[in-house]
Amino acid sequence: MKIYISSSWKNREEVRKLAVTLRRHGCEVFDFTDPACRKTHEAPPEMFPEQFDPSKHRYKEYIDRPEWRDAVAENREAIANSDLILLLLPCGIDATADWAYGVGLGKPSIIVGQPRAGERSAVHLWAEAILESADEAVSYILSKNQEHLKTMKNN
């Protein structure tokens, strides 16, 4: 089973740990924090520390960077090639947009974790499951992977 993990760069340690665990169980995982998963370079927020400020920047020029274009294109391809999209909370708009793109493509998805205090998104109800922890997610995915393998074997 091919899994796309979408989350915040601030969760990079949890993302990496979850990806390693799922790979140990035979899943193929696109981990945006892992340079080995990328054909191009990674673009963590530390590369661009200046936050967008409408009094100083024009948005179109601010976001139009080759690094971000490459990362977005690569993420889009990985989402399209995935069997399951996992959204690890808390996260921001980019991770949620990647997850929603996968949902729009008809990919099954799960949400793992909790948003920050005061945040919520009713569209998270699009997910097949909303799970509390990475351990719960691994169990859920392994059961889905067994179903996936049976389907592949019968076709």
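Descriptive notes on the structure:
- Full extension of the chain between Trp68 and Ser121 gives 16.6 nm of extra length, using 0.36 nm per residue less the Cα-Cα distance.
- Length released on extending from Gln146 to Lys56, taking residue separation times 0.36 nm less the Cα-Cα span: 27.2 nm
- The alpha carbons of the chain give a radius of gyration and a Dmax of 16.1, 59 Å, in that order.
- Taking the chain as a Gaussian network of alpha-carbon nodes connected by springs under 10 Å, the highest mean-square fluctuation of the residues Ala117, Ala129, Ala95 belongs to Ala117.
- Distance in nm between pseudo-label sites at Thr21 and Asn81 (7 Å out along the Cβ direction from Cα): 2.5
- Helical mean residue ellipticity (222 nm; -39500 (n - 2.57) per DSSP H run of 4+; nearest 500) of the chain: -13500 deg cm²/dmol
- Taking the chain and dividing mean pair separation by its residue count, relative contact order in percent (alpha carbons under 8 Å, at least six apart): 26
Values in this text are rule-based calculations from the coordinates and carry no lab data. All values reported here derive from a predicted model rather than from experimental measurement. Cβ sites come from the backbone with ideal geometry, for glycine too, and all protein chains shown count toward neighbours.
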